[in-house]
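Structure, as structure tokens:
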Amino acid sequence: MENLKRKYAKFLIESCLELGVNDKLFIIGSSVINDFINLVKEEALKLGIHDIETLISDPFKQKELYLTNSYEELIKNPAFDKTKYNEMAQEGYAFLNLSSPIPGFFEDVLSDKLIKVNTYQLKSLEIYKNYQLKGLIKWNIAAVANKYWAKDILGSDDEDKLWDYIFDICLIKDDDPKLSWKKKMAKLKRRAIYLNDLKIDKLIYHNSLGTNLEIGLPESYLFQSALEGNLVNMPTEEVFTSPDRRRVNGIVYASKPLLYNGNMIEDFWLKFRDGKIVSYGASKGKQILEGIINTDLGAKYLGEVALVDYNSPISLTKVLFKNTLYDENASSHLAIGEGFPECIRDGLEATKEELKEKGLNFSHEHVDFFIGTSDLEVKAVLQNGSEIVIMEEGNFREEL
């Protein structure tokens, strides 16, 4: 297990972030995974990376502060300060964000307080977000097992069992994970090219949950995959684009619960009219959902459309990981909030005003949620008026 962890750490640095001698590395993580963070540092040093910075949060300390401090006190406390992201971006560091959730950990903290602090933090990261969206920094998000996460989703605090899932899904047990991922990415790239060549006007979603949604795409949309440049998500199974924020109509039902800042949102739905969320509901976590939607004006619109096979390797595990990175790559998903300039032709060179004119959404928020089911159908209406089914029974058609 130790050798696989080291192989995983080296893979994230060398293959996903594409770092080497004299590069700079910024590691973001939690105190519950200090051992793995130290292992990452060791592997980075072996690769000739000596400029390493970290930002380590302590969820237990944060929870205590939430329960005993006011909002005004919390935002002044260094434990909630994320502005180091801005400094690291400006100084050219690559970002390795190690996700290791403790599901439900903050459920006894007042929702209003969680929402307000999270919104404050998001708005403090504008410099970092601009660097990220313009492709000026390398970044990657990857999962790390912990005993609390394992206990919640597997019923046992056997951390090694959760590590096994991670290693299998991320192909770390393969002789050459980098080569294995190149082959997987080539397939996703072919899908993206196919979807771009179709010249789609809008996508229409239907399934038995009640989803009945139309999503218009910008005229110069681009579906992307993770083949070009460093791998920002490990793992990834998606091809994705950004919608025209003004052309979303209908209703969509989440197919999986969403873990957001340690709180669960379950059985939720969103209704759109002319792009904007006009009503919503949830059996659990509705106040948290409301907080997301009210982050800013852009959080009331969609920023991402992602297509993923329902029979993806993550879905086939039959595990609800309660981690967006994994659950979003189990099946098709959407995202509330920020769109991607790279999903508009020549978007990385365009101004914000030009991108908004083309339909791209802007927000401090970007929250993925999951809509794929075994009976999801996605139909494309093309710019010439013809129609084609691109996904049926949750999966891409055989020729894709």
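How far is it, in nm, from the label point at Ser283 to the one at Glu2 when both lie 7 Å from their Cα along the line to the Cβ?
4.5 nm
Just report the Cα centroid separation between the stretch 43-67 and the stretch 312-351, whole Å.
So the two Cα centres are separated by 25 Å.
Using the 10 angstrom Cβ neighbour count as an exposure proxy, how do Asp201, Asp274, Asp175 rank, fewest first?
On the way: Asp201 19, Asp274 11, Asp175 7.
Lowest count first: Asp175, Asp274, Asp201.
For the residue pair Asp158 and Glu72, what label-to-label distance in nm results when each label sits 7 Å from Cα along the Cα-to-beta-carbon direction?
Between Asp158 and Glu72, the label points sit 5.2 nm apart.
Tell me whether the stretch 1-71 comes out rounded, prolate or oblate; compute the Cα gyration tensor, take square roots of the eigenvalues as a ≥ b ≥ c, and use a/c under 1.5 as the rounded threshold.
Working: a/c = 3.43, a/b = 2.06, b/c = 1.66.
Prolate is the answer for the stretch 1-71, as a/c is 1.5 or above and a/b outweighs b/c.
Only counting other Cβ atoms within 10 Å, I'd like Leu4, Leu259 sorted with the fewest neighbours first.
Leu4, Leu259
Please report the spacing between the Cα centers of the stretch 1-28 and the stretch 103-142 in Å, no decimals.
23 Å
Enter the Cα centre distance for the pair the stretch 222-264 and the stretch 362-380, rounded to the nearest angstrom.
Between the Cα centre of the stretch 222-264 and that of the stretch 362-380, the gap is 6 Å.
Find out how many positive minus negative residues lie around Gly359, taking Lys and Arg as positive, Asp and Glu as negative, among other residues whose Cβ is under 10 Å from that of Gly359. Can you show the working numbers first?
On the way: positive: Arg245, Arg246, Arg247, Lys356, Lys358; negative: Glu219, Asp244, Glu357.
Summing Lys/Arg as +1 and Asp/Glu as -1 gives +2.
Could you work out the helix-only [θ] at 222 nm for the chain, with each DSSP H run of four or more residues adding -39,500 (n - 2.57) and the total divided by the number of residues, to the nearest 500 deg cm²/dmol?
Numbers: 14 runs with 128 residues, N = 400.
Computed ellipticity for the chain at 222 nm equals -9000 deg cm²/dmol.
With θ set to phi - 60° and the Karplus curve 6.51 cos²θ - 1.76 cosθ + 1.60, what are the ³J(HN,Hα) couplings of the stretch 164-177 in order, to the nearest whole Hz, using x for Gly and Pro?
Ordered by residue, 3J(HN,Hα) equals 4, 4, 4, 5, 5, 5, 8, 6, 6, 6, 5, 4, 9, x Hz.
Would you mind counting up the charge near Asp158? Only other residues with Cβ under 10 Å from its Cβ, with Lys and Arg at +1 and Asp and Glu at -1. Intermediate values should be presented prior to the final figure.
Working: positive: Lys147, Lys151, Lys161; negative: Asp157, Glu159, Asp160, Asp164.
Once all neighbours under 10 Å are counted, the net charge is -1.
For the stretch 282-332, which trypsin sites (Lys or Arg not before Pro) are both in a DSSP coil and crowded by at most 14 other Cβ atoms within 10 Å? Walk me through the numbers on the way to the answer.
Numbers: sites: Lys284, Lys286, Lys300, Lys318, Lys322; in loops: Lys318, Lys322.
Listed in order of number, the matching sites are Lys318.
If neighbour count is taken as other Cβ atoms inside 10 Å, put Val232, Val378, Val305 in order from fewest to most.
On the way: Val232 17, Val378 23, Val305 26.
Final ranking by Cβ density, sparse to dense: Val232, Val378, Val305.
Counting other Cβ atoms within 10 Å, which trypsin sites (Lys or Arg not before Pro) in the stretch 1-43 have at most 14 and lie in a DSSP loop? Don't skip to the end; give the middle numbers.
Values: sites: Lys5, Arg6, Lys7, Lys10, Lys24, Lys41; in loops: none.
Of the trypsin sites (Lys or Arg not before Pro), not one in the loops of the stretch 1-43 has a Cβ with at most 14 other Cβ atoms within 10 Å.
Only sites in a loop by DSSP and with at most 16 other Cβ atoms within 10 Å count here; which GluC sites (Glu not before Pro) in the stretch 314-400 make the cut? Don't jump to the answer; show the numbers that get you there.
Numbers: sites: Glu328, Glu338, Glu342, Glu349, Glu353, Glu354, Glu357, Glu365, Glu377, Glu387, Glu392, Glu393, Glu398, Glu399; in loops: Glu328, Glu338, Glu365, Glu393, Glu398, Glu399.
Here the sparse-neighbourhood loop sites are Glu393, Glu398, Glu399.
Let me check I've understood the local charge: for Phe26, count other residues with C-beta under 13 angstrom from its C-beta, Lys and Arg +1, Asp and Glu -1. What total comes out?
Working: positive: Lys24, Lys41, Lys82, Lys84, Lys138; negative: Asp23, Asp51, Glu53, Glu87, Glu91.
Residues near Phe26 contribute 0 overall.
If you average the sequence gap of Cα pairs under 8 Å that are 6 or more apart and divide by the length of the stretch 201-396, what percent do you get for the contact order?
Working: 498 pairs, mean separation 48.7, N = 196.
It rounds to 25 percent for the stretch 201-396.
In percent, how large is the relative contact order of the chain, given Cα pairs closer than 8 Å and 6 or more residues apart?
On the way: 849 pairs, mean separation 58.9, N = 400.
In percent, rounded to a whole number, it is 15.
Using a ≥ b ≥ c from the Cα gyration tensor of the chain (square roots of the eigenvalues), is it rounded, prolate or oblate, where a/c under 1.5 gives rounded and otherwise the larger of a/b and b/c decides, a/b for prolate? Present the calculation step by step, with values, prior to reporting the outcome.
On the way: a/c = 1.40, a/b = 1.22, b/c = 1.15.
Here the chain falls in the rounded category.
Past 23 Å, Cα to Cα: identify those pairs from Lys116/Lys138; Lys276/Lys358; Lys63/Lys322, in the order given. Could you put the intermediate results ahead of the total?
Numbers: Lys116/Lys138 29 Å; Lys276/Lys358 16 Å; Lys63/Lys322 19 Å.
Over 23 Å apart, Cα to Cα: Lys116/Lys138.
Laboratory data are not the source of any read-out in this text; all were calculated from the coordinates shown. Fair warning: this is a prediction, and the values are worked out from it, not measured in the lab. Using ideal geometry, Cβ is built from the backbone for each residue, glycine included, and neighbour counts are taken over all protein chains shown.
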